[in-house]
Amino acid sequence: MWSLIQIELYKIFRRPRTYIAFGAIAALIVVIQLGLKIDGDAYAGFLMKDINDTLTVDGKVLNGYLICYILLQLLLVHVPLLVALIAADMISGEANLGTLRLLFSTPFSRTHWVLAKFIAASIYTILLLIWLAFLALFVSMWIFGTDDLFLMKSNYVVLIEQGDVLWRYVGAFVFASFSLLTVTSLGFLMSSLSSNSIGPIVGTMSAIVFFTILSTLNIPLFNVVKPYLFTTHMNNWKEFFDIKVNLNNEAIRGSILNIPKIKTSLMVLTLHIILFVTASVIIIKKKDILS
Amino acid sequence: MFGVFCYYYSMAVIKVENISKHFGTLKAVDDLSFEVQAGQVFGFLGQNGSGKSTTIRMLLSLIHPSSGNIELFGKSIQKNRDSILEQVGAIIERPDLYPYLSATEHLQLFAKVRKQKIEASSITSTLEKVGLAHRAKDKVQTFSLGMKQRLGIAIALVHNPSLIILDEPTNGLDPQGIADIRALIQHLAKEEGKTVFVSSHLLSEIEQVAHQILIIHQGKKMVEGVTKELLDPEKRIVQIKTTNDELALASIRTGSFGKYILARKEGIHLKLPTLEIALLNESLVKAGIAVLGIETKNSLEDYFLQITSNA
């Protein structure tokens, strides 16, 4: 099994397409960081304009932690599309190329190959996320420095002490890995249904867009299915940045406001991953390889 | 040891029993049965779309048969797939490969999926065997179709399998390449004792290398037998060209050569003993028909056309 995973990783990282996602993330982050470095004060002023009359904030609002939060809000919506480029091509790309029959006529079962491909695609996804974390968090910390994290929510503000922030990002990135692995497994399922490369990539992206719209629309008919849609839970990494307060309305260091919500989301995402991968294995096992 | 040797050379490496494959209403393979003995070169012939590749894919468990049984090395492929495929090397139809990898990288990659350790020297010697050693480091995207075909064969051979399945191995090769592959197939069978199952629609290729042939048409077995016996050197297929084919055909039909006439859409074709060709010519001349030429067509291709046109 390990040799199959090595083979799949070797193939992924020998393809030029693999590096598009790494390049795209780097370009986006660098552009945003550059923009905020040059014109960050104006941006911070715009953010704070509604509360400037009632609240005085000392220190550096636009620090590395806030920049990372802004970047994650912007990018974690789009990274799934980059993940789909590789994950949705893992099986169908080989079918299209004609190499799937070479792999499936080796002395390893199709289940082994499918699982090896999924694990390799998952490793790619995690590496992409680590790359995102490195650029968005550590490079931002290096460029903008660190201070307390000041977040504007819809009807309240959250202030997290700088010593209480880093572990929340670790949690958020671990959570995001589940979100992205759900996308990987969805792309994988699409890939098992097709023999061309483009269809599953477009299919995965379309499914994400479709379910995201369902998750965000506040229509009673959709509210019934919303809790079961993976897109409803994908952005709940933000829960790591909602903090409990004591009776004096002071933030409780090390606390998370809604841990059950995070647990439920992780469970829903994990169930989706298992469902999608199992379905892929069953489909591939039954499939006649005609490509 | 001798007993084991005798057993190996008498066992059926491939045993196919009544396999059929349906794709919806299309019967791609229909109740096909055959056996391939160890050490044989088995020619699997058929026109494009006759069901050759579907059969080969079933042998490799890429396609699930609708019915029937397949045994390789005396074991069911459905139940013992992994252990069986360890001993099989195959190329299937087109030589589709990874354009961004080199020839050596391809062999290293496919050597990795084998349970036995494959030495680097074995990879080099396999590339030499198929005439690709000089392009070992080049990416496949720079290869011609013929070179890809050679690399496909190298992938099939790199783990030293007992059974080699080659589906249209000479596709895209130039005449020298075709001759090289023919020599390689003969070498594998004679010198290395491999069993080679080779399919083609280029019948002249099979004729020269196969001990046994099977002709498939529209998914059904048309004929199977020893190549030499089927070709029957004692009898020849001849095409006669005359100034008046209608009169010549009528003359042949009424005479003693009528039983040798083959049904063909165009031209006069007969299958007759070699020694009687001169007598046929003489009888036509005596009947006042000018014979422009008698062309001997003793190839498997003619035999194949004869079989399939009668089907």
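The values are calculated or read from the model by the stated rules, or taken from the named source; none is laboratory data. Here the structure is a predicted model, which means the values were calculated and not measured. Cβ: placed from backbone, ideal geometry, glycine included. Neighbour counts: every protein chain shown.
Structure data summary
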{"item": "Condition broken by B:Ile91, with the remaining ones in (1) β-branched (Val, Ile, Thr); (2) under 30 Å from B:Asn48 (Cβ atoms); (3) within 8 Å of chain A (Cβ to nearest Cβ) satisfied", "result": "(3)"}
{"item": "Condition check for A:Leu4: touching a helix residue (DSSP H, G or I) at 6+ places or on another chain (Cβ under 9 Å), touching a residue at least 60 places away in the same chain (Cβ under 8 Å) and within 14 Å of another protein chain (Cβ to nearest Cβ)", "result": "yes"}
{"item": "Test for A:Thr18: is it of a type in the set (Val, Ile, Thr), surrounded by 14 or more Cβ atoms within 10 Å (Cβ to Cβ), within 14 Å of another protein chain (Cβ to nearest Cβ) and touching a residue at least 24 places away in the same chain (Cβ under 8 Å)", "result": "yes"}
{"item": "Selected residue [assigned to a helix (DSSP H, G or I) and either touching an Asp or Glu at 6+ places or on another chain (Cβ under 7 Å) or at pLDDT 90 or above (or both)] from A:Ile38, A:Ile70, A:Ile29", "result": "A:Ile29"}
{"item": "Qualifying residue in segment A:197-216 (condition: of a type in the set (Ser, Thr, Tyr), outside any helix (DSSP H, G or I) and surrounded by fewer than 18 Cβ atoms within 10 Å (Cβ to Cβ))", "result": "no"}
{"item": "Test: residue in segment B:25-32 that is within 14 Å of chain A (Cβ to nearest Cβ) and surrounded by 15 or more Cβ atoms within 10 Å (Cβ to Cβ)", "result": "yes"}
{"item": "Condition met for B:Leu101 (under 20 Å from A:Leu103 (Cα atoms), surrounded by 17 or more Cβ atoms within 10 Å (Cβ to Cβ) and facing another protein chain (nearest Cβ under 9 Å))", "result": "yes"}
{"item": "Residue among B:Ser67, B:Ser53 that alone is touching a residue at least 40 places away in the same chain (Cβ under 8 Å) and closer than 15 Å to B:Ile216 by Cβ", "result": "B:Ser53"}
{"item": "Selection count, segment B:62-80, where residues are facing chain A (nearest Cβ under 7 Å) and either over 23 Å from the mean Cα position of the chain (by Cα) or not β-branched (Val, Ile, Thr) (or both)", "result": "2"}
{"item": "Inter-residue pairs, beta-carbon under 7 Å, first within 26 Å of A:Asp50 (Cβ to Cβ) and small (Gly, Ala, Ser) and in segment A:151-175, second surrounded by fewer than 13 Cβ atoms within 10 Å (Cβ to Cβ) and modelled with pLDDT of 90 or more, 6+ apart", "result": "none"}
{"item": "Matching residues, segment B:265-291, being in contact with a helix residue (DSSP H, G or I) (Cβ under 9 Å, 6 or more places away or on another chain), surrounded by fewer than 17 Cβ atoms within 10 Å (Cβ to Cβ) and in a loop (DSSP other than H, G, I, E, B)", "result": "B:Lys265, B:Gly267, B:Ala287, B:Gly288, B:Ala290"}
{"item": "Strands (runs of 3 or more DSSP E) wholly inside segment B:190-264 containing at least 1 residues that are of a type in the set (Val, Ile, Thr) and either outside the structural domain of B:Asp174 (by TED's automatic domain parsing) or over 26 Å from B:Met11 (Cβ atoms) (or both)", "result": "B:235-242"}
{"item": "A:Phe13 vs. criteria of a type in the set (A, V, I, L, M, F, W, C), assigned to a helix (DSSP H, G or I) and away from chain B (no Cβ under 14 Å)", "result": "no"}
{"item": "Single unsatisfied condition, A:Lys244 versus (1) surrounded by 12 or more Cβ atoms within 10 Å (Cβ to Cβ); (2) in contact (Cβ under 8 Å) with a residue 24 or more places away in the chain", "result": "(2)"}
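This table checks each residue for (1) more than 10 Å from every other protein chain (Cβ to nearest Cβ); (2) exposed (fewer than 15 other Cβ atoms within 10 Å of the Cβ); (3) free of Cβ contacts under 8 Å to residues at least 40 places away in the same chain.
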| site | (1), (2), (3) |
| --- | --- |
| B:Phe110 | no, no, no |
| B:Val113 | no, no, yes |
| B:Lys117 | yes, yes, yes |
| B:Thr126 | yes, no, yes |
| B:Gly172 | yes, no, no |
| B:Glu191 | yes, yes, yes |
